[in-house]
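Beneath this line is the structure, given in C-alpha coordinates, with notes to follow.
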Amino acid sequence: MQIRLENKTGKRSGRFVVYEYGTDLFGYVYVDKFLGRDKGRMVSSWLMHDVGSLVRLLDHEIYKRETENYENVTLAV
(Lines give C-alpha, C1' and ligand atoms only; values in the text may rest on other atoms or scores of the structure.)
Protein backbone atom coordinates (compact mmCIF):
# COMPACT_ATOMS: atom_id res chain seq x y z
CA MET A 1 0.00 0.00 0.00
CA GLN A 2 1.13 3.57 -0.38
CA ILE A 3 0.46 7.10 0.82
CA ARG A 4 1.31 9.95 -1.56
CA LEU A 5 1.68 13.56 -0.41
CA GLU A 6 2.23 16.49 -2.80
CA ASN A 7 3.16 20.10 -2.24
CA LYS A 8 1.20 22.56 -4.38
CA THR A 9 2.40 25.83 -2.86
CA GLY A 10 5.13 28.30 -3.80
CA LYS A 11 8.66 27.28 -4.63
CA ARG A 12 8.13 23.63 -3.61
CA SER A 13 5.19 23.13 -5.97
CA GLY A 14 5.35 19.75 -7.66
CA ARG A 15 7.42 17.98 -5.01
CA PHE A 16 6.07 14.75 -3.59
CA VAL A 17 6.68 12.20 -0.86
CA VAL A 18 5.52 8.59 -1.12
CA TYR A 19 5.40 6.13 1.78
CA GLU A 20 5.09 2.50 0.66
CA TYR A 21 4.38 -0.01 3.41
CA GLY A 22 3.42 -3.63 3.90
CA THR A 23 4.67 -6.92 5.31
CA ASP A 24 7.46 -9.06 3.97
CA LEU A 25 7.64 -12.88 3.76
CA PHE A 26 8.95 -13.17 7.31
CA GLY A 27 6.13 -11.14 8.91
CA TYR A 28 8.06 -7.91 9.44
CA VAL A 29 6.45 -4.58 8.63
CA TYR A 30 8.42 -2.33 6.26
CA VAL A 31 8.15 1.30 5.15
CA ASP A 32 10.02 2.80 2.20
CA LYS A 33 10.11 6.59 1.73
CA PHE A 34 10.55 8.17 -1.72
CA LEU A 35 11.12 11.87 -2.43
CA GLY A 36 11.17 13.70 -5.73
CA ARG A 37 9.71 16.10 -8.23
CA ASP A 38 9.38 14.23 -11.54
CA LYS A 39 10.62 10.80 -10.53
CA GLY A 40 11.31 9.72 -6.99
CA ARG A 41 14.31 8.21 -5.26
CA MET A 42 14.31 6.13 -2.10
CA VAL A 43 15.70 8.10 0.82
CA SER A 44 14.70 5.97 3.82
CA SER A 45 13.70 2.41 4.62
CA TRP A 46 12.45 1.08 7.95
CA LEU A 47 11.86 -2.48 9.18
CA MET A 48 9.64 -3.00 12.24
CA HIS A 49 8.34 -5.89 14.31
CA ASP A 50 4.74 -4.73 14.84
CA VAL A 51 1.95 -2.65 13.30
CA GLY A 52 1.94 -0.23 16.26
CA SER A 53 5.41 0.95 15.28
CA LEU A 54 4.17 1.47 11.71
CA VAL A 55 1.27 3.64 12.89
CA ARG A 56 3.52 5.77 15.13
CA LEU A 57 6.12 6.23 12.37
CA LEU A 58 3.55 7.22 9.73
CA ASP A 59 1.78 9.56 12.16
CA HIS A 60 5.04 11.39 12.86
CA GLU A 61 6.21 11.48 9.22
CA ILE A 62 2.86 12.69 7.85
CA TYR A 63 2.59 15.36 10.55
CA LYS A 64 6.05 16.69 9.54
CA ARG A 65 5.00 16.90 5.89
CA GLU A 66 1.64 18.53 6.64
CA THR A 67 3.45 21.38 8.42
CA GLU A 68 5.38 21.90 5.14
CA ASN A 69 2.06 22.25 3.21
CA TYR A 70 2.04 18.77 1.65
CA GLU A 71 -1.44 17.41 0.89
CA ASN A 72 -2.62 13.82 0.62
CA VAL A 73 -3.35 12.94 -3.01
CA THR A 74 -3.69 9.17 -2.55
CA LEU A 75 -6.66 7.85 -4.52
CA ALA A 76 -9.27 6.13 -2.36
CA VAL A 77 -10.29 2.81 -3.91
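The values are calculated or read from the model by the stated rules, or taken from the named source; none is laboratory data. Please read these numbers as outputs of a predicted model, since none were measured by experiment. We place every Cβ from the backbone using ideal geometry, glycine too, and count neighbours over all the protein chains shown. Just the protein is used for accessible areas: all its heavy atoms, side chains included, with ligands, DNA and RNA removed. Shrake-Rupley method; radii C 1.70, N 1.55, O 1.52, S 1.80 Å.
The C-beta contact set for segment 24-48 (first residue β-branched (Val, Ile, Thr), second residue open to solvent by 30 Å² or more (accessible area, probe 1.4 Å) and in a loop (DSSP other than H, G, I, E, B), distance under 9 angstrom, 6+ apart or interchain) comprises Val29/His49; Val29/Asp50. Only residues that are within 11 Å of the chain's Cα centre (by Cα) and either exposed (fewer than 14 other Cβ atoms within 10 Å of the Cβ) or under 16 Å from Gly14 (Cα atoms) (or both) were counted in segment 51-62, giving 2. Tyr30 falls short on exactly one of the conditions (1) modelled with pLDDT under 95; (2) open to solvent by 50 Å² or more (accessible area, probe 1.4 Å); (3) aromatic (Phe, Trp, Tyr), and that condition is (1).
Going residue by residue through segment 1-20, is there one that turns out to be loosely packed, with under 11 Cβ neighbours inside 10 Å, among the basic types (Lys, Arg) and either modelled with pLDDT of 95 or more or in contact with a strand residue (DSSP E or B) (Cβ under 8 Å, 6 or more places away or on another chain) (or both)? Looking through segment 1-20, none of the residues is loosely packed, with under 11 Cβ neighbours inside 10 Å, among the basic types (Lys, Arg) and either modelled with pLDDT of 95 or more or in contact with a strand residue (DSSP E or B) (Cβ under 8 Å, 6 or more places away or on another chain) (or both).
Please state which one of Leu25, Leu35 is open to solvent by less than 60 Å² (accessible area, probe 1.4 Å) and on the phi < 0 side of the Ramachandran plot. When all the criteria are applied, what remains is Leu35. Taking segment 1-50 as the range and being under 12 Å from the mean Cα position of the chain (by Cα) and in a loop (DSSP other than H, G, I, E, B) as the test, only Met1 passes.
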